[in-house]
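These notes concern the structure reproduced below.
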Amino acid sequence: QVQLVESGGGLVQPGGSLRLSCAASGFAFSSYAMDWYRQGPGKEREWVATISNNGRLVSYADSVKGRFTISRDNAKNTVWLQLNSLKPADTADYYCNAATIKASGYWGQGTQVTVSS
């Protein structure tokens, strides 16, 4: 059974940092590229970052480029998103997923990030 468990969110001041984690199980994690998405209050869910299955290729949305870093450890079935220089506009629920899983309609519970002074 596929399971994605996001954690690491919280309340942080503008300019602060957080490290989000996503623990995956129930599928061949090392075979899939992994994505992070976010959904802000009253907004559609948007793509944030992608990392290839071997971790060698990464890509970011323009809104987070230079501030966020995606990484993974296939031995731990875990993908991370390091959030630096946070802005109030980064306030959102953050989710990880893989394309093939997303296509099935499954999403984890997400982790909430609030950037506020």
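Tabulated data
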quantity	calculated
Candidate set: segment 47-61, residues that are small (Gly, Ala, Ser) and not in a loop (DSSP other than H, G, I, E, B); chosen: the one most open to solvent (accessible area, probe 1.4 Å)	Ser59
Top-ranked residue of segment 9-36 - restricted to ones that are part of a strand (DSSP E or B) and within 12 Å of Phe68 (Cβ to Cβ), ranked as nearest to the chain's Cα centre (by Cα)	Trp36
Matching option when the condition is in contact (Cβ under 8 Å) with a residue 24 or more places away in the chain and within 18 Å of Thr100 (Cβ to Cβ), among Val12, Val48, Val64, Val2	Val2
Test: residue in segment 87-96 that is farther than 17 Å from Ala33 by Cα, in a loop (DSSP other than H, G, I, E, B) and either modelled with pLDDT under 95 or open to solvent by 60 Å² or more (accessible area, probe 1.4 Å) (or both)	yes
All positions within segment 31-45 that are touching a residue at least 12 places away in the same chain (Cβ under 8 Å) and either under 17 Å from Gln112 (Cβ atoms) or open to solvent by less than 60 Å² (accessible area, probe 1.4 Å) (or both)	Ala33, Met34, Asp35, Trp36, Tyr37, Arg38, Gln39, Gly40, Pro41, Lys43, Arg45
Criterion: open to solvent by less than 10 Å² (accessible area, probe 1.4 Å) and not in a helix (DSSP H, G or I) - qualifying residue of Val5, Val64	Val64
Segment 67-86: number of residues that are outside any loop (DSSP other than H, G, I, E, B), over 18 Å from Phe27 (Cα atoms), of a type outside the set (A, V, I, L, M) and open to solvent by less than 50 Å² (accessible area, probe 1.4 Å)	2
Tally of residues being over 15 Å from Trp47 (Cβ atoms) and either aromatic (Phe, Trp, Tyr) or under 10 Å from the mean Cα position of the chain (by Cα) (or both) across segment 84-117	2
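The values are calculated or read from the model by the stated rules, or taken from the named source; none is laboratory data. Given the structure is predicted, the values throughout are model-derived calculations rather than measurements. Cβ coordinates were reconstructed from backbone atoms using ideal geometry, including for glycine residues, and neighbour counts include every protein chain displayed. Ligands, DNA and RNA are stripped out before the accessible areas are found, and what is left, the full protein with its side chains, is counted by its heavy atoms. Shrake-Rupley method; radii C 1.70, N 1.55, O 1.52, S 1.80 Å.
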